[in-house]
1. How many residues are more than 17 Å from Gln393 (Cα to Cα), without any contact (Cβ under 8 Å) to a residue 60 or more places away in the chain, outside any loop (DSSP other than H, G, I, E, B) and of a type in the set (S, T, N, Q) when one looks only at the stretch 316-366?
2. Looking at Gly12, Gly42, which is the one that is within 30 Å of Gln190 (Cβ to Cβ), over 44 Å from the mean Cα position of the chain (by Cα) and crowded, with 18+ Cβ neighbours inside 10 Å?
3. If you scan the stretch 315-338, which residues turn out to be surrounded by fewer than 21 Cβ atoms within 10 Å (Cβ to Cβ) and touching a His at 6+ places or on another chain (Cβ under 8 Å)?
4. Please work out if Thr411 is assigned to a helix (DSSP H, G or I), surrounded by fewer than 19 Cβ atoms within 10 Å (Cβ to Cβ) and either modelled with pLDDT of 85 or more or touching a Pro at 6+ places or on another chain (Cβ under 6 Å) (or both).
5. Restricted to the stretch 152-168, and to residues that are assigned to a loop (DSSP other than H, G, I, E, B) and touching a residue at least 12 places away in the same chain (Cβ under 8 Å), which residue is nearest to Asn96 (Cα to Cα)?
6. Looking at the stretch 289-314 only, could you name the residues that are surrounded by 13 or more Cβ atoms within 10 Å (Cβ to Cβ) and of a type in the set (Asp, Glu)?
7. Yes or no: the stretch 89-102 includes at least one residue that is surrounded by 20 or more Cβ atoms within 10 Å (Cβ to Cβ), modelled with pLDDT under 80, assigned to a helix (DSSP H, G or I) and not hydrophobic (A, V, I, L, M, F, W, C).
8. For the subset of the stretch 145-184 comprising residues that are among the hydrophobic types (A, V, I, L, M, F, W, C) and loosely packed, with under 13 Cβ neighbours inside 10 Å, which member is modelled with the lowest pLDDT?
Amino acid sequence: MKKAFKAFIELGIQATHSVVEQRRIKTVNLLNAVILLFLLIGLSHYLFIGNDYPLLPELVFMGLAAASIVCSYYKKTQYAFLLFTCNANLSIFFINQYYPFEVGSYLFYFPLIVSVILLNNVTSRSWMGFLHLGISALSFMLSLLLDLKAWQLQGLTQEAIQVMWYYNIVMAVVLTAMVSGILNRLIVVQNQEITAQNEGLSKAKEEIKASLKEKEVLLAELNHRVKNNLAIISGLLNLQLENSGNSETKQVINDSKNRILSMALVHRMLYNHPQLKEIDLRDYCKELIREVLNSFNLQNKVELRENYDSVCLPVNKSIPFGLILNEIVTNSIKYVFLNQNHHKHHFELSVSLVDADVVMVAKDSGKGFPRDFNEEQDGKSLGLFLIKTLAQQMDGQAVFSNEDGARVKLTFSLN
C-alpha cells in the first residue's frame, strides 16, 4: 500500500524536474487523494439515507478530482491546485446544504482548511496561497449562513441525525489528524531531501573550489616557468649580442630580445595577478615602454606622455598586443629617438575604451612616415608587417598616418 501511495503522489514527475517542481506535483496529487478520500467516506452515508443518497453529484465531484490529477500529469500544477480547491469546497458546500445543519457536515471544512494551509504555504505571502485559503474561508462562511431548503434531504429521523452528528464529528477529527500527519510527514521528507541536496551541493562546491585552487597553482607555476625560460633565452641573446661585431646582427638580436621581453612581461604579470586570466593594460604598457627604452639607454632622454582608461586585457590578446606595442616603440627608437641631433624627443601613448573596443594611439616626435608611405609598399619592413599581422590576429585593425610625427592607431574588440 505504501508503494502504491508513493507511486500515486509521484504521478507526472520526471527526472528533469527541479525539487520545487517535484514538491508542487506531489502536493497536487496528495490534495486530490485527500478529496477522493472525503468523497469515498461520504459514500458511507448511504447506510443512513439509502436510495436518497446523491450519487450523481458525488460522481461529478470525483470526475473533477480526476481532471485535477490529469492537469497535474501534464504539469499544469496551478490549474490542478485551483481545480482541487474549487472542487473540494463545492462538494462540501453541497453536502452541507443537502443534509440538515444538525448533521454537522460543515465539520469536514476543518481538515480541508488544514490541508490548504499546510500545502499552499500561505505564510510566504504567495497570492495563490491566499486565493486558495480565501475560497475555502468563503465557502465555509456561506455554508454556515445559507440554508437552501430546496436542496435539503427530507425525512431523516431525529435518531439518524443524532447518529450522523457523532459520526461526522469522529470522522472530521480523524481526517484532520490523518491529513495533518500525512502532510507534515511529506513536508519533513521533502525538507530532508532538500537538506541532503544542499549538503551534496556544498560538498561539490568545496571539491570544485579545491580543484580550482589546484589548477590556479599549477597555472601560476606554468607562467612562472615560461617567464624563467624566456628570461634564459633573453640572457643567451645578450651573450650573443656582446660577442657579435656586426651592427646589423646586433640590431636583429636586440629586436628579438625585446620581443621576448614583451612576452615575458605578460607571463610575469599573469603570475602576479590573483586570477591568472587578465592583465592591467596601464601597468603593462608603462613597464614595457620603460623596459624597451632602458635596453637602448634612453630612459632619461625621451619624455613619455601617457593617458590610460581602466582596461583589463584577456590572456589571448595580451601577448599580440605587447608585441605590437614593442614594434611601435622599437621603430620610434630606431628612426627617431637615436637621432641625437634633434631636440628632446617625446613619445605619446593613449589607450581608451570606446564601447566594447579598445583604441590605442601611439605617436612619436619624429618626421613621420615617408610621403609615399602605404602599407603595401612597406610590407618588406618586418616590424610593420608584424604589427599588421598581429592586429589581424586580434580581429583588429592598425592604421598608419602622420600627425607631427609617425602615428599608429590600433583598434580591436575587448571581447
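1. 2
2. Every option except Gly42 fails the conditions.
3. Val336
4. no
5. Gln152
6. Glu291, Glu306, Asp309
7. Checked against the condition, which is being surrounded by 20 or more Cβ atoms within 10 Å (Cβ to Cβ), modelled with pLDDT under 80, assigned to a helix (DSSP H, G or I) and not hydrophobic (A, V, I, L, M, F, W, C), the stretch 89-102 yields no hits at all.
8. Ala150
The values are calculated or read from the model by the stated rules, or taken from the named source; none is laboratory data. This structure is a prediction, so every number in the text was calculated from the model and none was measured. Methodologically, a virtual Cβ is constructed for each residue, glycine included, from the backbone with ideal geometry; neighbour enumeration extends over all protein chains shown.
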